[in-house]
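Have a look at the structure below before the remarks.
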Amino acid sequence: MNLSSLFLILLFCGLTLAQDTVETDAMTEKFNSLETKMMNIESKLENYESRILQLEQKERNAVIFSAGIGVDSPFGPFNTDITMIYDTVLVNIGNAYSPVTGIFTAPVSGVYFFTIFSHAGGRHETWLHLYKNNEVILHIHDHPSTDPADNGGNAAFLQLQQGDTVYVRLKANTHVYKARTVTTFSGFLVKQNS
């Protein structure tokens, strides 16, 4: 084999190796680019999974209730204060309200919103108290009158700790009208504590 043939063979081999190196560098660059994109997608997926878990937790902690009391009939007066048992449950998401005791028990700490409404005939006084644990927070009051019917209502935002109770009591010697659509007790969790 002569020297020029040997030189051509070496030149050909060198060019082939150079071409392979350029192709390898291009493939490495594409691979690195794909790897970066894959890591970004993986990071976004983890973020979405975290958000979904937070929303599922929030849904599990939903607390909403509304209940009315009895069927159409007078209720009271009694010679002692009594806890109102709103036995007709309209909604009780989270099961924090007991239609057996009339007591709402906070399942989580947070800010809650409560309403009480009443309907009563005018010949007796009406006086309902909303309690947080054993403390009167607000009330509905109506004096005896010649009106055939009186309505009242009140509402409050309350900061509750897990296990705190909220309930309504009818004051002694007063009355309301038992009607599930007008004498009601309702509440819901506005914002859970972090």
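In terms of packing, defined here as the mean over residues of other Cβ atoms within 10 angstrom, the peptides 80-88, 32-40 line up highest first as 80-88, 32-40.
Ligands, DNA and RNA left out, the 1.4 Å accessible surface of region 68-113 is 62% carbon and sulfur atoms. Taking packing as the residue-averaged number of other Cβ atoms within 10 angstrom, the listed peptides 149-159, 108-118 run from highest to lowest as 108-118, 149-159.
The listed residues H119, H143, H175 rank as H143, H119, H175 when sorted by accessible area, largest first, using a 1.4 Å probe.
Over all projection directions, the Cα-based convex hull of region 57-194 averages an area of 7.6 nm². Place a label point 7 angstrom from the Cα of V190 along the Cα-to-Cβ direction, then list the residues of region 78-116 whose backbone nitrogen is under 11 Å away. Taking a point 7 Å out along Cα→Cβ of V190, the residues of region 78-116 whose backbone N falls under 11 Å are 111-114. Counting heavy atoms of the protein chains alone, R51 has an accessible area of about 130 Å² for a 1.4 Å probe.
The values are calculated or read from the model by the stated rules, or taken from the named source; none is laboratory data. The shown structure was predicted, so the numbers you read here are calculated from the model rather than taken from an experiment. Using ideal geometry, Cβ is built from the backbone for each residue, glycine included, and neighbour counts are taken over all protein chains shown. Heavy atoms of the whole protein, side chains included, go into the accessibility calculation; ligands, DNA and RNA do not. Shrake-Rupley method; radii C 1.70, N 1.55, O 1.52, S 1.80 Å.
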